[in-house]
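Novice: The following block contains the structure, expressed as structure tokens.
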Amino acid sequence: MAKLLFKYGAMNSGKSTILLQTAHNYEERGMKVLVIKPAIDKKAEDRVSSRLNIERKVDYLIDKDTSIIGLMQNHLDVTCILVDEAQFLEPFQVDELLRITTNYDINVVCYGLRTDFKTNGFPGSIRLLEVAHDLKEMETVCRCGNKAKFNARFIDGKIVTEGDQVLIDGTSLITYESVCPKCYYELKEGKQKMLKKIHK
């Protein structure tokens, strides 16, 4: 029986690298894969791009209204669907991916973040955590050497704790760093202490 798998982790945990390796492994054995990415992630445009400087063009960039089941009519011969930046999926799209595993017996592997820079879940990730057959956390390390769990957002090198949930990095202004809970709260509280001094 095919399964829906959600592989999640903080930034820099190797999600895109593993997706690219997985696609290569299937194709090396003569099997077809379908690579999908939400169009809202404009950082690498129409590609899955790894921090190790390997990349490939996606088969479909999907928007928030795209029916993934609708795309499948021309791809019933694929062995596996690989989804990059799965946190940006709409909940109904996650439900469609689950239906694909049951209706078409096609495995689906989603790679993405679990939480945003405020430690809140993304709608797509929440739904994946609720319905995926299997979950796997991909680990990375914080600046202090501990396991990173959260993603801190920085603008001009300064941590920010308010703002829109989706703000794509890749410019000189906006960056993200994967951090452990201890460092996350220390960074956050350090900002708050600075603001209190400014307003005194």
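The values are calculated or read from the model by the stated rules, or taken from the named source; none is laboratory data. Not measured: the values here are computed from a predicted model. Every residue, glycine as well, gets a Cβ built from its backbone with ideal geometry; the counts of neighbours run over all protein chains shown.
Novice: Would you confirm whether any residue within the range 91-102 is within 12 Å of the chain's Cα centre (by Cα), within 21 Å of Gly9 (Cα to Cα) and not aromatic (Phe, Trp, Tyr)?
Specialist: no
Novice: Sticking with this one: Collect the residues in the range 118-136 that are more than 20 Å from Val35 (Cα to Cα) and crowded, with 23+ Cβ neighbours inside 10 Å, keeping them in residue-number order.
Specialist: The answer is none; no residue qualifies.
Novice: Within the set of pairs 6+ apart or on separate chains, which have a first residue in the range 147-164 that is over 19 Å from Gly9 (Cα atoms), a second that is part of a loop (DSSP other than H, G, I, E, B), and C-beta atoms under 7 Å apart?
Specialist: Ile155/Leu173; Asp156/Leu173; Thr161/Lys118
Novice: If we scan the range 174-188, do we find a residue that is of a type in the set (Asp, Glu), at pLDDT 95 or above and part of a helix (DSSP H, G or I)?
Specialist: No, because not a single residue in the range 174-188 is of a type in the set (Asp, Glu), at pLDDT 95 or above and part of a helix (DSSP H, G or I).
Novice: Here's another thing I want to ask about it. Return the residues of the range 49-72 that are exposed (fewer than 12 other Cβ atoms within 10 Å of the Cβ) and among the hydrophobic types (A, V, I, L, M, F, W, C); say none if nothing qualifies.
Specialist: Leu52
Novice: Looking at (1) over 30 Å from Thr79 (Cα atoms); (2) in contact with a Cys (Cβ under 6 Å, 6 or more places away or on another chain); (3) crowded, with 19+ Cβ neighbours inside 10 Å, which is the one condition that is false for Ser178?
Specialist: Ser178 satisfies all of (1) over 30 Å from Thr79 (Cα atoms); (2) in contact with a Cys (Cβ under 6 Å, 6 or more places away or on another chain); (3) crowded, with 19+ Cβ neighbours inside 10 Å except (2).
Novice: Select from the range 1-48 the residues that are under 25 Å from Ala148 (Cα atoms) and of a type in the set (S, T, N, Q) and write down the one among them that is surrounded by the most Cβ atoms within 10 Å (Cβ to Cβ).
Specialist: Across the range 1-48, the extreme among qualifying residues is Ser16.
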